């Protein structure tokens, strides 16, 4: 009996071994990112400027004007989840530049010769971006609460918010790495990042309901992962209608596919 059990148990150990290594590498990358933020706290302050302007100026102004119909939800409440998603997007979309810096400094070449799978390296970067976005989300949530936005205090929903922020940031970080693997230049990466950042934002439901968009923009909205992130955040934070299964499926699928594509292009970037 013991010999019959030995084979499947050995298989489980062999399977769990690489899994533990991948998880360890991803966790290490996230801890390194947190240490960077701890050493440079001014970055948190400077990154908080833009969401503060969106909420304090844009949000409060349009709430008083009542020009954007959002039903029974005040416009500032409607906007706050969109600003959280926007902050995560803006933080993550330029991570490809950091990877190019790592290549130029010789760090990427050293990482590539380690036994760590490429997907683990990319996932580590992706969820490190998620940690930064999560800290930024906390700042926006506190600011929104001070402005009177009726946000949930349910811990389960707040855990869901954290998961949505992490997944969205992971996708956009990997999208940035994919672009970096194609263009191989910091200047080109910066230009393309700026070119796609605002269209992604304005083609989502972060600022206005989907029903107000023209037909062609609604079509783009349906394939924009940022829209599903905003919908999930809005449902979790302020209780509006959300298709949680669809939102999480899109975010998980987009993050998984982008990690795979970015890992495939990492070797090209390291040459």
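Summary table below
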| read-out | value |
| --- | --- |
| Using alpha-carbon coordinates, inclination of helix 244-270 to the longest axis of the chain, degrees | 50 |
| Three-way shape label, the chain, alpha-carbon gyration tensor, a/c 1.5 | prolate |
| Candidates 96, 82, 260: whichever shows maximal mean-square fluctuation once the chain is modelled as a Gaussian network with Cα springs under 10 Å | 260 |
| For the range 137-194: rounded, prolate or oblate by the Cα gyration tensor [a/c cutoff 1.5] | oblate |
| Choice from 92, 227, 24 with maximal GNM fluctuation in the chain (Cα, 10 Å cutoff) | 24 |
| Degrees, to the nearest 10: 75-92 long Cα axis against longest axis of the chain | 30 |
| Residue order, fewest to most beta carbons within 10 Å, for 237, 166 | 166, 237 |
| Fewest-first sequence of 222, 241 by Cβ atoms within 10 Å of each Cβ | 241, 222 |
| Whole-number percent relative contact order across the chain, with pairs defined as alpha carbons under 8 Å at least 6 apart | 26 |
| Most fluctuating residue given options 58, 127, 90, as computed from a GNM of the chain linking Cα atoms under 10 Å | 58 |
| Degrees, to the nearest 10: 155-183 long Cα axis against longest axis of the chain | 70 |
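Laboratory data are not the source of any read-out in this text; all were calculated from the coordinates shown. Bear in mind that the values here come from a model prediction, so they are computed numbers and not experimental data. So basically every Cβ, Gly included, is an ideal-geometry build from the backbone, and we count neighbours across all protein chains shown.
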